[in-house]
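Below: the structure, in structure tokens.
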Amino acid sequence: MRTHYCGELNSAHIDQEVSVTGWVNRRRDHGGVIFVDLRDREGVLQVVFDPDDEAMFGTAERVRNEYVLKVTGKVRQRPDGTVNKEMPTGEIELLALKLEILNTAETPPFQLDETEVHDDIRLKYRYIDLRRPEMQARMRMRAKVTHLMRAYLEQHGFLDIETPMLTRATPEGARDYLVPSRTHQGQFFALPQSPQLFKQLLMMSGFDRYYQIVRCFRDEDLRADRQPEFTQLDIETSFMNEDGIMDIMEGLMRGLFKDVMNVDIDAKFRRMTYAEAITRYGSDKPDLRIDLELITISDLLANVEFKVFSGPANDPKGRVAALRVPGGNSLSRKDIDGYTQFVGRYGAKGLAYIKCNDVAAGRDGLQSPILKFLPDEAITGILQRTGAESGDLIFFGADAEKIVNESLGALRVLVAHDIKQVATGWSFLWVVDFPMFEHDEKENRWTALHHPFTAPNTDDLAALEADPGAMLSRAYDMVLNGVELGGGSIRIHRTEMQQKVLSLLGIDDQEAEDKFGFLLNALKYGCPPHGGIAFGLDRLIMLMTGSSSIRDVMAFPKTQTAACLLTKAPSAVADRQLKELHIRLRKPVTEG
């Protein structure tokens, strides 16, 4: 139906007769001449309808926004003074010779150039929202990224192998989406949270380099970077250690940023231990574009009478930390009150601060409600250790270590953005040496920080059992600008180690057999050393396009309540279907 896309035409096509198709972006009637900006996925082209052809002109008069047209015409140079240098096709226009209205359109619920459209409206009419140039650009970038991923990995010997969508429920940290079986009454499939076990089985099958761009499903509470179904680049290798895997992944990212965005990332990615990241930044995914750090001052306040500080300072599980904000003295009391409410979301009971008006003047140059509770030597120590200067502000966190890290770590990011202290560019980071286990205080048991198949950094079963909390894992996360792009690890490849880890997690032999029997059996038949990583494709595209949510880089995302406004899913189904699945819904209980 067409010879060219609208956005492909340029001055090299002048005097050629072409046919284009697309949607009416805008129609203008200028003194008897009708101009139509015709839009397709490649761009916008100005089409001119001359009144000399009365029949065609009459048809053009009926055209409205979002009508679908086919136009055949002659490409010509725009007249002097009408060239639009802001448009790639701005030097030319198409003089229409034939016009066909392929379809009409009702007035859309919003204009494509509107900037303030509620998300619910955008998602309900997603097919219109996707016509917008910025959405088209995001989808095109996504397609290019996945193409380049495949090409890079295949050049490095990786095989694209699919894994099942219908599998069994296994504990991987989030709720499973369950699918009832019609042929096995009362039993369920689960949609995969990841292909973790299957890709390990592929390593045992001799496919030593696997990848897959795969859909994953997790029934969990949503936020800007979460969706119930999402896409990840899943990778597994055999006979390769952490350094080898990380080197290949760094090459992948360098290639993507160069080919897609023309950004050179030459330096080897920085590496930081989990302990250092938590201590300095309060987060295992720190944004290193922000030059603010948490500084431990527990020892300086252990003997003060102010129990708010001395209590956590003397608690083995507590921490007192300071966050120096250069130039933060300009923050108002209203700003500080807002930050106090913010850290309260992370369990902090308050937010102490000191404003540094004149550091050289000592106590007299400082301003804070807490100064009267602190001796001179403590104040001097705080100023020296934080490196505070006149005009700075120091925030304090004093509580359980986890609360201090999470609250000040989040505050660090918020304040830096508010006062414009975030550097530009791309900051890649590997976080390594994660703890093998976390202790769940409520249930008094160990949980896996990553997943139960991550290898510890020892082969000594006795050492692992003697002190699980001190054991580190062979896990690694890639972080970009404060966002976890991907996580991976070297896996357990010996049966006895896998059984020991499951035992420490409170999974007895029977439960292990029920949930992981197929994996445990496979480990007995010559399992190679192996490891891998998985990247959140949606998160990566979100960062590369400068979007604020992964919903903006997914064609048909769900809402914050995991619903699809376009298709009205989830929905009720007919009783006949439920009976086939051997499901009977309970009727709602009515009051009285």
**Prompt:** Restricting attention to region 64-74, does a residue exist that is assigned to a strand (DSSP E or B) and of a type in the set (Ser, Thr, Tyr)?
**Reply:** yes
**Request:** Say whether the condition of being surrounded by 15 or more Cβ atoms within 10 Å (Cβ to Cβ), free of Cβ contacts under 8 Å to residues at least 60 places away in the same chain, in the same structural domain as Asn357 (by TED's automatic domain parsing) and within 40 Å of the chain's Cα centre (by Cα) is met by at least one residue in region 378-390.
**Result:** yes
**Complete:** Subset of region 220-247, residues in contact with a Leu (Cβ under 9 Å, 6 or more places away or on another chain) and farther than 27 Å from Asn457 by Cα, comes to Pro228, Glu229, Phe230, Thr231
**Request:** Considering only residues that are in contact with a Pro (Cβ under 8 Å, 6 or more places away or on another chain) and not aliphatic (A, V, I, L, M), look in region 441-487 and name the one that is farthest from Pro195 (Cα to Cα).
**Result:** Gly469
**Message:** Can you name every one of the helices (runs of 4 or more DSSP H) wholly within region 111-225 that holds 3 or more residues which are assigned by TED's automatic domain parsing to the domain that holds Asp538?
**Reply:** 133-155, 196-204
**Request:** Please find, among Ala522, Ala512, the residue that is small (Gly, Ala, Ser), under 30 Å from Leu464 (Cα atoms) and more than 33 Å from the chain's Cα centre (by Cα).
**Result:** Ala522
**Message:** Please go through region 226-249 and give me each residue that is under 18 Å from the mean Cα position of the chain (by Cα), not in a strand (DSSP E or B) and not aliphatic (A, V, I, L, M), ordered by number.
**Reply:** Arg226, Gln227, Pro228
**Fill in**
When restricted to Ala569, Ala562, the only residue under 22 Å from the mean Cα position of the chain (by Cα), farther than 16 Å from Ala137 by Cβ and not assigned by TED's automatic domain parsing to the domain that holds Arg226 is Ala562
**Request:** Restrict the check to region 284-299 and report whether at least one residue is exposed (fewer than 13 other Cβ atoms within 10 Å of the Cβ), of a type outside the set (Asp, Glu) and under 15 Å from Arg412 (Cβ atoms).
**Result:** no
**Message:** Out of everything in region 154-174 that is closer than 21 Å to Leu581 by Cα, surrounded by 13 or more Cβ atoms within 10 Å (Cβ to Cβ) and not polar (S, T, N, Q), what residue ends up being modelled with the lowest pLDDT?
**Reply:** Ala169
**Message:** Among the residues in region 144-153, are any among the β-branched types (Val, Ile, Thr) and modelled with pLDDT of 95 or more?
**Reply:** yes
**Prompt:** Has region 468-475 got any residue that is small (Gly, Ala, Ser), out of contact with any Ser or Thr (no Cβ under 7 Å at 6 or more places or on another chain), crowded, with 19+ Cβ neighbours inside 10 Å and under 19 Å from Arg271 (Cα atoms)?
**Reply:** no
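Rundown of residues vs (1) assigned to a loop (DSSP other than H, G, I, E, B); (2) within 30 Å of His451 (Cα to Cα); (3) free of Cβ contacts under 8 Å to residues at least 40 places away in the same chain, yes/no style:
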residue	(1), (2), (3)
Leu520	no, yes, yes
Gly526	yes, yes, no
Ile533	no, yes, no
Met544	no, yes, no
Arg551	no, yes, no
Phe556	yes, yes, no
Gln560	yes, yes, no
**Asked** Does region 532-555 include one or more residues that are of a type in the set (Lys, Arg) and within 30 Å of Val431 (Cα to Cα)?
**Response** yes
**Fill in**
Only one of (1) crowded, with 19+ Cβ neighbours inside 10 Å; (2) at pLDDT below 95; (3) closer than 20 Å to Met240 by Cα does not apply to Thr495, and that is (1)
**Fill in**
Log entry, pairs with first residue in region 264-286 being closer than 17 Å to Ala321 by Cα and β-branched (Val, Ile, Thr), second being modelled with pLDDT of 95 or more and crowded, with 18+ Cβ neighbours inside 10 Å, beta carbons closer than 6 Å, six or more apart or on different chains, reads Ile278/Asn405
**Asked** Taking the stated definitions as given, is Ala60 surrounded by 14 or more Cβ atoms within 10 Å (Cβ to Cβ) and not in a loop (DSSP other than H, G, I, E, B)?
**Response** yes
**Fill in**
Exception for Gly90 within (1) in contact with a helix residue (DSSP H, G or I) (Cβ under 7 Å, 6 or more places away or on another chain); (2) surrounded by 15 or more Cβ atoms within 10 Å (Cβ to Cβ); (3) not basic (Lys, Arg) falls at (1)
**Item:** So Phe306, is it in contact (Cβ under 8 Å) with a residue 24 or more places away in the chain and outside the structural domain of Gln384 (by TED's automatic domain parsing)
**Value:** no
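The values are calculated or read from the model by the stated rules, or taken from the named source; none is laboratory data. For clarity, every value in this text was computed on a predicted model and none was experimentally measured. Cβ coordinates were reconstructed from backbone atoms using ideal geometry, including for glycine residues, and neighbour counts include every protein chain displayed.
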